[in-house]
Amino acid sequence: MTGDQEEHTFFLDPKERHLKWKSFDILEKFLVLLCGFCIIGFTFSVFFDVTTRLVQAPWLWLQQATTAFFAYGVFLGMAVASRRNEHMYLTEFVANLSGSIRRKLEIFSRLVSLGVALLMIYFGWLNMLHDMGSFRMPSLIPMGYYTACIPLSAFFIALFMLEQLVNGINNGFQNEHQDPSQRNVP
């Protein structure tokens, strides 16, 4: 890559590269692939569930697969969205700010997300352990395997929030290389 070419890595916004560690890019790619696999699995399991019911020969285990694909797809998708700043984030509002006000709001936003992720890890873990005593019929798979996606995704969300906090505090949250005329100003 030449010096004047911008680095584009797997849907990563080049304006936010300074908030990301390159070592986590492979983790993000892996999570995106898992999400894609879950979406495809969810789609096919719903299709086959409906089809087998229409021909009066239902596969009961398909609902369990559908539940697992849906839950893991949604919660791992939350982790990916948090790394890309595509989660519940006041992007347009904060993007038009600068200086210490922006810095404080960026830190506050990420601390709130980190706090929620830590609560999700704790209570998700307790819920998963509790659900190991409940079983899905007809396969008798413990429900804890389904709810394990909550603390798992929360771990990744916390990891990505820490990444952005450390890099934002060290490098600034606003990309200094961005031309101010390119910002979205209403």
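Restrict the check to the stretch 21-28 and report whether at least one residue is touching a helix residue (DSSP H, G or I) at 6+ places or on another chain (Cβ under 6 Å), surrounded by 15 or more Cβ atoms within 10 Å (Cβ to Cβ), among the aliphatic types (A, V, I, L, M) and modelled with pLDDT of 70 or more.
No, every residue in the stretch 21-28 fails to be touching a helix residue (DSSP H, G or I) at 6+ places or on another chain (Cβ under 6 Å), surrounded by 15 or more Cβ atoms within 10 Å (Cβ to Cβ), among the aliphatic types (A, V, I, L, M) and modelled with pLDDT of 70 or more.
Which condition does GLN56 not pass, out of (1) outside any helix (DSSP H, G or I); (2) in contact with a strand residue (DSSP E or B) (Cβ under 9 Å, 6 or more places away or on another chain); (3) not acidic (Asp, Glu), if it passes all the others?
(2)
Return the residues of the stretch 144-162 that are surrounded by fewer than 19 Cβ atoms within 10 Å (Cβ to Cβ) and within 13 Å of LEU114 (Cα to Cα); say none if nothing qualifies.
Within the stretch 144-162, PHE155, LEU159, LEU162 qualify.
Could you check the stretch 126-138 and list, in sequence order, the residues that are small (Gly, Ala, Ser) and either exposed (fewer than 11 other Cβ atoms within 10 Å of the Cβ) or over 19 Å from LEU62 (Cα atoms) (or both)?
GLY133
Taking the stretch 88-132 as the region of interest, how many residues are modelled with pLDDT of 75 or more and not in a helix (DSSP H, G or I)? Step through it out loud before you land on a result.
Step one: list which residues in the stretch 88-132 are modelled with pLDDT of 75 or more, which gives 100-132.
Filter once more, keeping what is not in a helix (DSSP H, G or I): 132.
Looking only at that region, the number is 1.
The values are calculated or read from the model by the stated rules, or taken from the named source; none is laboratory data. Since we're looking at a predicted model, the values are computed, not measured. Cβ atoms come from the backbone with ideal geometry, glycine included; neighbour counts cover every protein chain shown.
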